[in-house]
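The values are calculated or read from the model by the stated rules, or taken from the named source; none is laboratory data. Quick caveat: nothing in here was measured; it's all calculated off a predicted structure. Cβ atoms come from the backbone with ideal geometry, glycine included; neighbour counts cover every protein chain shown. Ligands, DNA and RNA are excluded from the accessible area calculation, which covers all protein heavy atoms including side chains. Shrake-Rupley method; radii C 1.70, N 1.55, O 1.52, S 1.80 Å.
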Amino acid sequence: MSSDESTPLDNLSHEERSFAPDPAFARDAVAQATLYAEADQDRLAFWARQARELLTWETDFTDTLDWSNPPFARWFGGGKLNAAYNALDRHVEAGNGDRVAIHFEGEPGDTRAYTYAQLTEEVKKAANAFAALGVTAGDRVAVYLPMIPEAVITMLACARIGAAHSVVFGGFSADALRSRIDDAEAKLVVTADGTWRRGKPSPLKPAVDAALADGQSTVENVVVVQRNGEPVEWTEGRDAWWSDTVGTASAEHTAEAFDAEQPLYILYTSGTTGKPKGILHTTGGYLTQTAFTHRNVFDLRPETDVYWCTADIGWVTGHSYVVYGPLVNGATQVIYEGTPDTPHQGRWWELVQKYGVTILYTAPTAIRTMMKWGDDIPGQYDLSSLRVLGSVGEPINPEAWMWYRRVIGADRCPVVDTWWQTETGAIMISPLPGVTATKPGSAQVPLPGITADVVDDTGASLGDGEAGYLVLREPWPSMLRNIWGDPDRFVQTYWSRFPGMYFAGDGAKKDDDGDVWLLGRVDDVMNVSGHRLSTAEIESSLVGHPAVAEAAVVGAADETTGQAVIAFVILRGSAAEEDHDAMSETLRQHVGKDIGAIAKPRKVLIVPELPKTRSGKIMRRLLKDVAEGREVGDATTLADSTVMNQIAADFAK
Ligand code: PRX
């Protein structure tokens, strides 16, 4: 790998700290070490057993994996099931209808609890309402909702009638929403008037109105949940309140079983080019692996645990570990709408205490933020209910890992660092609590049934201590099946770099014990607060502004957010004469409007020239050196070697 992919983790092949499982925890753990041997012996039989034990099939499958046309996989062929039935009805039928499925806590402090029986009823009503609006199996429904129970209800109602949901994170702009609606050709949008953010109402419907303003989209109806009561514009004939549609629908609905490969959802994620990719997940394999991992990685006891994953449903973690994994397993969980520091910085810990949360799953960026706020804040709450702590979304630095274990987990709870992606659908590399001796900062071992490896440029396996590319050698049940509408891009992006292997886009290294350390992306994908952003997408937004001639974007290391977006921009003609500070701010806002607030560059530096090779290729590596405050690396291949001196001087100002 080139120098700009190295991270401080490179020095950590000799991590000495290791935390052996507590013997009492290990004895009763859900996951036992025998799982590895079982999966090694016969991987497909292992997954077939999980599929049959964890799910209820209306028709049993006959063919565990069809890999006759790689990389297009078909899992559990011949099998038929309904995802919503697996997440809901069957728990009620088994006598667990009174178990709480969701403890909802709104940011302003309003609360709602749904038992499995109540959630099932709501989903049946929503399924009837969506069907009455003309949604049928195979259609797509766009979901643009905050973290409220209706988001879960909507997703499961779509699954119930065989329509694929396409959830768009509420922080994305109207333009981003429209391009996702168009790509998926969504028939229905489900949204809310708004949500609450840091104590204030934050609107959502205006973005839907703006996205659909030209009346030219495939969308026929918009269902609007009333959440914050702010006034909204209304398009007669198109818009309908949730309370008038879902609220009045019949609660009788029998779930039809669909093929194991029925599309379950599309979720757009950033790639290395400008256009987001619609990652397609299907039903049987996805549910098998999300349920398996949720149960084993978090040591889940559905009867007694209170689980809380802090992810928004706009991201894959919210799909797999708020909606499908926990509900298929019949878990009780907490859903929180708001920000961690509203109305005070102890809000999360207050919720852990209030609901007696036993399993917490969050992102390193949140852990680092809380670390900065100080130990005395969590110290004011009773966190003794916690017993397993999870991390996801980006590499966790050993310091944050240790803080999480010590301050939140009282040196008692196992910490599981889980590596996976939108594309993998479920956790792939992670310790198993009670089995694995955990190591701060390492995701450690591929889960049973998963074959991960670290390879060099030629695809050859690397030994311990060598850094290379993370690949997956064999198909897995929850793998993406395609990029929506673009099979060529699917093959090209994931299966061509190393023929016969899935290329994850991450750098990795095995330490002396063979444990895997993730080293960050090796492509032009950035990871800001655990959110995936593409440099190309932000560059294309910047050059779409009339004042911009050229733009280069890099992700610079940041203590709290993992990476921060830094843009270098050459202005066009007369724009160059304008006040640079004002112009930088205009461009930050422009990206916010185009893509969403999360993509706004932390800094836009206006430069006279960008570092280019003689063939005109921008050397982002050098810009990253500047943005990260390092001495600028080898610039000898630049067409004009003085360019970097100027940029470095301007950046330091
Ligand atoms: O770079 C890896 C990083 O997040 C990327 C996937 O992002 P996304 O599809 O948005 O899914 C995030 C939640 C699963 C990966 O390519 N990543 C995710 N988890 C970890 C991680 N990097 C290091 N350690 C992790 N535990």
With all protein chains present, calculate the accessible area of HIS580 using a 1.4 Å probe and round the result to the nearest 10 Å².
80
Percent antiparallel among DSSP beta bridges (both partners in the range 529-652, rounded to 5):
75
Only helical DSSP H runs with n ≥ 4 go in: add -39500 (n - 2.57) per run for the chain, normalise by residue count and round the 222 nm mean residue ellipticity to 500 deg cm²/dmol.
-7500 deg cm²/dmol
Among ALA649, THR62, ALA142, which residue has its Cα furthest toward the positive end of the charge dipole of the chain, with +1 on Lys/Arg Cβ and -1 on Asp/Glu Cβ?
ALA142
Two decimals is fine: what's Rg over Rh for the range 133-226, C-alpha atoms, Kirkwood radius as Rh?
0.95
Only bridges with both residues in the chain count here: give the DSSP antiparallel percent, nearest 5.
60
Whole-number accessible area per residue in Å² for the range 23-452, which is evaluated in the context of all protein chains at 1.4 Å
32
P(r) of the range 362-509 over all Cα-Cα pairs, 5 Å bins starting at 0, rounded to whole percent, reads 2, 9, 17, 18, 17, 13, 10, 7, 5, 2, 0
For the range 529-652, evaluate the Debye formula with one uniform point scatterer on each Cα (no solvent term) and list log10 I(q)/I(0) at q = 0.17 Å⁻¹, rounded to two decimals.
-0.85
Accessible surface, per residue, of the range 500-638 when the full set of protein chains is kept, probe 1.4 Å, Å²:
40
Here the Kirkwood hydrodynamic radius of the range 321-440, Cα-based and in Å, equals 15.0
If one puts a single equal scatterer on every Cα of the range 150-299 and applies the Debye formula without solvent, what log₁₀ I(q)/I(0) results at q = 0.21 Å⁻¹?
-1.42
Work out the length of the dipole vector of the range 585-631 about its Cα centre, built from +1 on the beta-carbon of each Lys and Arg and -1 on the beta-carbon of each Asp and Glu, and round it to the nearest 20 debye.
160
Hey, what's the per residue convex hull volume over the C-alpha atoms of the range 8-90, in cubic angstrom?
218
Can you list the aspartates and glutamates whose alpha carbon sits under 16 Å from that of LYS187, skipping same-chain ones fewer than 8 residues off?
ASP139, ASP209, ASP214, GLU220, ASP239
Principal axes of the range 427-475: Cα extent on each, largest first, Å:
37, 25, 14
Given the Cα-Cα distance of GLU631 and ALA94 and 0.36 nm per residue of separation, how much length would full extension add, in nm?
187.0 nm
Beyond 18 Å (Cα-Cα) in this structure, taken from LYS593/LYS617; LYS372/LYS624; LYS439/LYS509; LYS200/LYS593, we find LYS593/LYS617; LYS372/LYS624; LYS200/LYS593
Here the net charge surrounding VAL316, from other residues whose Cβ is less than 11 Å away from its Cβ (Lys, Arg +1; Asp, Glu -1), is -1
Let me know the charge dipole size of the range 355-428 about its Cα centre in debye, to the nearest 20, where only the beta-carbon of Lys, Arg (+1) and Asp, Glu (-1) is charged.
120
The range 45-151: equivalent-ellipsoid semi-axes (sqrt of 5 x gyration tensor eigenvalues, Cα, Å)
31, 19, 15
How large is the dipole of the chain about the Cα centre if only Lys and Arg carry +1 and Asp and Glu carry -1, each at its Cβ, rounded to the nearest 20 debye?
320
How large a share of the accessible area of the chain, in percent, is made up of carbon and sulfur atoms when the probe is 1.4 Å and the other protein chains stay in place?
49
If you take all C-alpha pairs in the range 479-522, what percent of them are over 12 Å apart?
67
Binned Cα-Cα distance frequencies in the range 23-452 - 10 Å width, integer %:
4, 22, 33, 27, 12, 2, 0
Length gained when the stretch ALA652-GLU399 is fully extended (0.36 nm per residue, less Cα-Cα span):
88.3 nm
